[in-house]
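Input: a single structure, listed below in C-alpha cells.
The values are calculated or read from the model by the stated rules, or taken from the named source; none is laboratory data. Remember, predicted model here, so these are calculated numbers, not experimental data. Virtual Cβ from ideal backbone geometry, glycine too; neighbours counted across all protein chains shown. Ligands, DNA and RNA are stripped out before the accessible areas are found, and what is left, the full protein with its side chains, is counted by its heavy atoms. Shrake-Rupley method; radii C 1.70, N 1.55, O 1.52, S 1.80 Å.
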Amino acid sequence: MASGSKTCHSLSPRRMVMSAARQRWRLLGQVIARKRGRITRSPECQSTGISKRRFSSYGLLSTQPLENDEDSDDGAWFEHTCSEFPQFSVDIRLLTGPLGIEELTGFNNTGNVCIWPSEEVLTYHCLHHMESFRDKAVCELGGGMTCLAGFAIAAFSEAKEILLTDGNEVSVDNVKLIIERNKGSFGHTEVNASVLRWDRDDIYKDLAGRFDHIICGDW
C-alpha cells in the first residue's frame, strides 16, 4: 500500500444485509412504540433521500437537491444524473414527511421511505441497455415513491409506453407528481402511473400481454 493511503474497512455483504435489516426493524419498532403517533424521517433521509443504514448507495448515480418550489412540506426535489451518461437527468421528488406504521407494513411498505440501492443498480443497468427499450412497452413493478429506473427509460430510450406501478397509493401519488414535473423530457413516450397490487390480479386482465419488458428491483 502506498505511503499516506488510508485503509478502508468495508462491511462484508452478509454484515451489510444484517445491518440494513436491523435498521428497518428499529425504524418499525420506533413507530410501534409511539402507537398512534408518527416519527419524523431521519435528517439523513430528509437530505439525501436515503434511510438510515450503513450501506446506502453504490455511487452509480449523482443526486443534487433542487430548490423546493412547492407549498407542501412532505416532499423535496432532487436532480438525478449519471456521469457516464451526461445527457441523462431526471427530477425526482422524495417524501420527507413523518412516518407512521401504515407506511412500513403490508403494501404500505418501505418503498416510500428511500431510494434503495437495488433501484439505483436497476437504473444504471437500464441506462446501459437503452436500445432494448426503444419502441417497446415497459412496466416497472413495485417502483416505490420514485420509480427511478422507469423514469430513466421514459426520458432516455424513446420507448413507446411506460407504466410505473407500486402497491402503495402514497407512492403512486408521488410518482404522478414526478411525471408532471418531467413530462417535457419524455418525447413521444406515453408515461402513466398506477396502483398495482399483486393480490388483485382479477382486475388487471387488460395488462396481460401488453408489455415487452417488465422491470423490478428488490432491496
**Item:** One residue from Asp166, Asp91, Asp69, Asp73 being open to solvent by 20 Å² or more (accessible area, probe 1.4 Å) and at pLDDT 90 or above
**Value:** Asp91
**Message:** It is to be established whether one or more residues within region 195-202 are touching a strand residue (DSSP E or B) at 6+ places or on another chain (Cβ under 6 Å) and open to solvent by less than 80 Å² (accessible area, probe 1.4 Å).
**Reply:** yes
**Item:** Selection within region 196-219 - under 20 Å from Trp116 (Cβ atoms) and either of a type in the set (Asp, Glu) or not in a loop (DSSP other than H, G, I, E, B) (or both)
**Value:** Ile214, Ile215, Asp218
**Prompt:** Is there a residue being among the polar types (S, T, N, Q), under 27 Å from Tyr58 (Cβ atoms), touching a residue at least 60 places away in the same chain (Cβ under 8 Å) and in a loop (DSSP other than H, G, I, E, B) anywhere in region 163-170?
**Reply:** yes
**Prompt:** Are any of the residues in region 177-191 outside any strand (DSSP E or B) and touching a Gly at 6+ places or on another chain (Cβ under 7 Å)?
**Reply:** no
**Request:** Restricting attention to region 144-162, report how many residues are closer than 18 Å to Ser89 by Cβ and either open to solvent by less than 10 Å² (accessible area, probe 1.4 Å) or assigned to a loop (DSSP other than H, G, I, E, B) (or both).
**Result:** 13
**Request:** With respect to Thr123, determine if the residue is part of a loop (DSSP other than H, G, I, E, B), touching a residue at least 40 places away in the same chain (Cβ under 8 Å), open to solvent by less than 80 Å² (accessible area, probe 1.4 Å) and among the β-branched types (Val, Ile, Thr).
**Result:** no
